[in-house]
Amino acid sequence: MRSSSPVQDTLIARSSVRSFSEGSKRLQHTMYDYIIIGAGSAGCVLANRLSENPSNRILLLEAGGRDWHPFIHMPAGLARLASNKRINWNYYTQPEPALNNRRLYWPRGKVLGGSSSINAMCYARGHRLDYDFWAESGNTGWSYQDVLPYFRKSENQTRGESRYHGEGGPLNVQDLRYHNLLSDVFLEATAELGYPQNNDFNGAAQRGFGFYQVTQINSRRCSTAVGYLNSVRKRPNLEIRTGAMVRSLILDGQQVTGVNYSHGKQTHRVHASAEVILSGGAINSPQILMQSGIGPGDSLTEAGIQVKHELPGIGQNLQDHLDICTLYECTQDITYDRLNEITAGLKYLFLRDGPATSNIAEAGGFMVSSISEDERPDIQFHFVPALLDDHGRNRLPGNGMTMHCCPLRPKSRGHIRLDPAQPDGAPLIHANYLDHPYDLDLMVESHEVCDRIFQTDAFKPYRGNRIIPGLETNSREQKVEYIRAKAETIYHPVGTCKMGQDDLSVVDHELRVHGLKGLRVVDASVMPTLVSGNTNAPTIMIAEKAADLILGLQAEAMAS
């Protein structure tokens, strides 16, 4: 993938805005071959791949707006996106019993590119055994060897092509152009403790510590909207409608034939001759299914919705990575806390370099805990050379450092259901964090490792007092109370439309909804279990594989 200049970037952004506004006027049909619901990490991939065949007429519906906001594209701008309600669904869980009945904030992207437009851009695929487990659970075609070609197909790895990496794909993956000195110190500290170092978490081995590669191009965010949509937005067979809130699917018996959606005060009905594809993510995909009368019968009845197709697994099997932070003062004025934003902005604008190109979570790693049940790393770390509390919404005084850690394969399971009092509103999210005692044990160990890293000689010239948790938090009981009071999501919900064949499965191994024709789910909700790492790259892989499944079946039908 060729890098662009700042002038080209400006022209691309302007033409993107112009193209989408013209596109909404250009087509406006009511019959399509494929309707894709959600222009997020998966939906943009599908729109690109399915529209490669000019005979396919594609409609892509997105509830949010265009990705015009400048802080989306400037990597360090992610710190300003946390509570922007124009591009963020701003969900909250229901009170979590094991977390002092707190309601946890769940940001999700509501914009072209979805959460790939607001995330920290870390490119991590998980562990090979994650996918082998999917296949061993009855999901044919989803082993690591099966999915690796789709990771490679999606990728333009700027280090070059290899056994594990692709070159020439839409998703640009590169090393950070700039990083803070403290991120080097973090890696020195992990080496001091004897932890292996790793310059490629997605290569031969995942274990170890190093710098994250990021989904950026020319030091700008490479969301799926940038990587997959920008180059194809003028295809005459692809229509993109933003501000389109899907209300329900249209069923004719056991066949899904179309979609009802609203745009402003107007309602619309569109039809698909081949398939409707749900790519709304782990929250919105089960929500749309349930609003359409597809899901657990008792829950739908309670919400006053007629049961059209009972599938008890919809909204069940919810999994997420729960994260705990350790914060220390920094005795030197080198963190991002008091960064001169004007100087950083000018350096970014003219040179595409400097702190504004950072994804903030620059370095991290994967380790195997003392209670791990197999060879896979089960703890992940993200180091931030700044003070970060409550998703960055609580600004703390002074300079400091933050270390995130999260257990990777939680045993707790939650669920999502419609709100009986407002079925067409935000769904009720019950994450059920720490319901299983194993998860709490691993959280405590994770937190203890963070403190050990901060206490190394490498950090000594920079380390001030520990500020979160307080200095008095040293016993296990105190650590548990701290976790219950401060743990938050690290934004990886999956599993609510599980792929498989058991009673709680929603889709089969080709992502077709059980018992219905003309409907697939393609997003993170189909993951049977969480991967051992960040979820954006795996979601893109799922969409690449789904596109091949759809187009392969289409080709077979045409040949016959």
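The values are calculated or read from the model by the stated rules, or taken from the named source; none is laboratory data. Here the structure is a predicted model, which is why all the values come from computation and not from measurement. Don't worry about glycine lacking a Cβ; one is built from the backbone with ideal geometry, like all the others, and counts go over all protein chains shown.
Within the stretch 508-547, the set of residues being aliphatic (A, V, I, L, M) and surrounded by fewer than 22 Cβ atoms within 10 Å (Cβ to Cβ) comprises Leu516 only. If you go through the stretch 131-152 one residue at a time, do you hit one that is in a loop (DSSP other than H, G, I, E, B), surrounded by fewer than 20 Cβ atoms within 10 Å (Cβ to Cβ), more than 19 Å from the chain's Cα centre (by Cα) and free of Cβ contacts under 8 Å to residues at least 40 places away in the same chain? Within the stretch 131-152 (the criterion being in a loop (DSSP other than H, G, I, E, B), surrounded by fewer than 20 Cβ atoms within 10 Å (Cβ to Cβ), more than 19 Å from the chain's Cα centre (by Cα) and free of Cβ contacts under 8 Å to residues at least 40 places away in the same chain), the answer is yes, since at least one residue qualifies.
One residue stands out in the stretch 237-265 among those that are without any contact (Cβ under 8 Å) to a residue 60 or more places away in the chain and not in a strand (DSSP E or B): the one that is farthest from Phe71 (Cα to Cα), namely Gly253.
The number of residues in the stretch 32-66 being surrounded by fewer than 24 Cβ atoms within 10 Å (Cβ to Cβ) and part of a helix (DSSP H, G or I) comes to 1. Residues in the stretch 92-106 that are in a loop (DSSP other than H, G, I, E, B), surrounded by fewer than 21 Cβ atoms within 10 Å (Cβ to Cβ) and in contact (Cβ under 8 Å) with a residue 12 or more places away in the chain: Gln94, Asn100, Leu104.
Applying the criterion of being of a type outside the set (A, V, I, L, M, F, W, C) and within 30 Å of Ile118 (Cβ to Cβ) to the residues of the stretch 463-478, the residue that is surrounded by the fewest Cβ atoms within 10 Å (Cβ to Cβ) is Arg466. Would you be able to say whether some residue in the stretch 523-541 is under 23 Å from the mean Cα position of the chain (by Cα) and more than 22 Å from Ser223 (Cα to Cα)? Yes - at least one qualifying residue is present in the stretch 523-541. Just one of the listed residues (Ala82, Ala120, Ala124) is surrounded by fewer than 19 Cβ atoms within 10 Å (Cβ to Cβ), of a type in the set (A, V, I, L, M, F, W, C) and either assigned to a loop (DSSP other than H, G, I, E, B) or in contact with a Cys (Cβ under 9 Å, 6 or more places away or on another chain) (or both), namely Ala82.
For every residue, the table says whether it meets (1) outside any helix (DSSP H, G or I); (2) out of contact with any helix residue (DSSP H, G or I) (no Cβ under 8 Å at 6 or more places or on another chain).
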residue: His179; (1), (2): yes, yes
residue: Val185; (1), (2): no, no
residue: Ala189; (1), (2): no, no
residue: Asn199; (1), (2): yes, yes
residue: Gly210; (1), (2): yes, no
residue: Gly227; (1), (2): no, no
residue: Ser231; (1), (2): yes, no
residue: Arg235; (1), (2): yes, yes
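When you look at Leu549, is it touching a residue at least 24 places away in the same chain (Cβ under 8 Å) and assigned to a loop (DSSP other than H, G, I, E, B), yes or no? Against the criterion (touching a residue at least 24 places away in the same chain (Cβ under 8 Å) and assigned to a loop (DSSP other than H, G, I, E, B)), Leu549 does not qualify. Scanning the stretch 444-462 for residues that are surrounded by fewer than 18 Cβ atoms within 10 Å (Cβ to Cβ), touching a residue at least 12 places away in the same chain (Cβ under 8 Å) and part of a loop (DSSP other than H, G, I, E, B) gives Thr456, Pro461. So for the stretch 379-398 (the condition being without any contact (Cβ under 8 Å) to a residue 60 or more places away in the chain and of a type in the set (A, V, I, L, M)), does at least one residue qualify? Yes, the conditions are met somewhere in the stretch 379-398.
In this entry, Glu329 is excluded by the filter for residues that are in contact with a helix residue (DSSP H, G or I) (Cβ under 7 Å, 6 or more places away or on another chain) and among the acidic types (Asp, Glu).
There is no residue in the stretch 479-491 that is exposed (fewer than 15 other Cβ atoms within 10 Å of the Cβ) and in a loop (DSSP other than H, G, I, E, B).
Filter the stretch 273-290 down to the residues that are assigned to a strand (DSSP E or B) and buried (at least 24 other Cβ atoms within 10 Å of the Cβ) and list them by number.
Answer for the stretch 273-290, where residues must be assigned to a strand (DSSP E or B) and buried (at least 24 other Cβ atoms within 10 Å of the Cβ): Val276, Ile277, Leu278.
Among residues belonging to the stretch 212-225 that are outside any strand (DSSP E or B) and among the β-branched types (Val, Ile, Thr), point out the one that is nearest to Ser358 (Cα to Cα).
Taking the candidates together, the pick is Thr215.
Going through (1) surrounded by fewer than 21 Cβ atoms within 10 Å (Cβ to Cβ); (2) more than 19 Å from Pro312 (Cβ to Cβ) one by one, Leu504 falls short only on (2).
From Leu327, Leu349, which residue is of a type in the set (A, V, I, L, M), outside any loop (DSSP other than H, G, I, E, B) and modelled with pLDDT under 95?
Of Leu327, Leu349, the one residue that is of a type in the set (A, V, I, L, M), outside any loop (DSSP other than H, G, I, E, B) and modelled with pLDDT under 95 is Leu349.
Yes or no, residue by residue, for (1) small (Gly, Ala, Ser); (2) at negative phi:
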site: Thr343; (1), (2): no, yes
site: Leu346; (1), (2): no, yes
site: Ser358; (1), (2): yes, yes
site: Glu373; (1), (2): no, yes
site: Phe383; (1), (2): no, yes
site: Leu388; (1), (2): no, yes
site: Gly392; (1), (2): yes, no
site: Leu396; (1), (2): no, yes
site: Cys405; (1), (2): no, yes
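Select from the stretch 289-347 the residues that are of a type in the set (Val, Ile, Thr), in contact with a strand residue (DSSP E or B) (Cβ under 9 Å, 6 or more places away or on another chain) and over 30 Å from Pro423 (Cβ atoms) and list them in ascending order. Ile324, Thr326, Thr331, Thr335 - these are the residues of the stretch 289-347 that are of a type in the set (Val, Ile, Thr), in contact with a strand residue (DSSP E or B) (Cβ under 9 Å, 6 or more places away or on another chain) and over 30 Å from Pro423 (Cβ atoms).
Restricted to the stretch 389-438, and to residues there that are assigned to a helix (DSSP H, G or I) and closer than 23 Å to Ile118 by Cα, the residue that is nearest to the chain's Cα centre (by Cα) is His391.
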